[in-house]
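Beneath this line is the structure, given in structure tokens, with notes to follow.
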Amino acid sequence: VLIALGDTIIEMGLEDIITAGRNTIGVRHVENPQRFGVVEVENNRIVGLQEKPEHPRSNLAITGPYFFIASGELRKALNQLIDSGEKTRGEFQLTDALQIMVELGIDIYAEEIGGWFDCGTVKTLIETNRHLLEHAVPYEAFPDTVLIPPVYIGKGSSIERSIIGPNVSIGEGAVIEDSIISDSIIGNGAEISRGFLKASVFGDKSSYAGKFGKMILGDHSQGGYYGD
């Protein structure tokens, strides 16, 4: 069983983890382990796990991916956790099921990950976007618009009378007019007019009309400034 986390990006091949033929979890040393599941290790073998602990016993954060040859034991541990009703932070946590496996004597090993980028908060998502834009592909010119690299612009997007960049990713089919946008992520089909935006994230099909701001809009959301 291979499990990847949806709110992280890793730069690595999976072949080594898969071909090693053992239960493995990707980890990395972090400065703020309270935000993550963490592991304790001895000789690279995991001996304890905690989910977002207030007082972490380690600064080795779980980044993923997870690879298990003991998929049957993982299923049993998950069922045991659910049957017990034991929750952490109001939810059943994979970390707690893995702790059950460790307590049953099942070997799970830590594999330190090199290139890892956290997307779990708006701040870290924007920081990760900056890194990914280092590999951005060339873009076309747009009418009366200044593009300040690095930027990424998806197919079918329309941009007029705007200043875009640096560090801006724009999805496919977005429409942007009369705006200044930097250090932001704009989703597919988003529409922005008269926006002066920085460190903002707009979901797919979101729309905004207004002035200066720092905005977070989810998919299909609308926002704007209608003052004087």
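Values in this text are rule-based calculations from the coordinates and carry no lab data. Keep in mind it's a predicted model, so treat the numbers as computed, not measured. No Cβ is skipped: glycine too gets one built from the backbone with ideal geometry, and neighbour counts run over all protein chains shown.
Computed values, structure above
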item: Shape parameters for the chain, alpha-carbon atoms, Rg then Dmax in Å; result: 21.7, 67
item: Cβ-derived FRET efficiency at R0 25 Å, residue 73 paired with residue 2, nearest 0.05; result: 0.95
item: Globularity index of the range 140-185, i.e. its alpha-carbon radius of gyration over 2.2 N^0.38 Å; result: 0.96
item: Pairs of lysines in the chain (C-alpha under 13 Å apart; 8 or more residues apart or interchain); result: 5
item: Two-site FRET efficiency, residue 127 against residue 175, from Cβ-Cβ distance with R₀ of 25 Å, rounded to 0.05; result: 0.40
item: Shape category assigned to the range 131-224 from the gyration tensor of Cα positions, a/c cut at 1.5; result: rounded
item: Selection from 70, 3, 171, by position along the positive dipole direction of the chain (Cβ); result: 171
item: Efficiency of FRET from Cβ geometry, residue 155 and residue 88, R₀ 41 Å, rounded to 0.05; result: 0.45
item: Shape call, the range 34-161: gyration tensor on alpha carbons, a/c limit 1.5; result: prolate
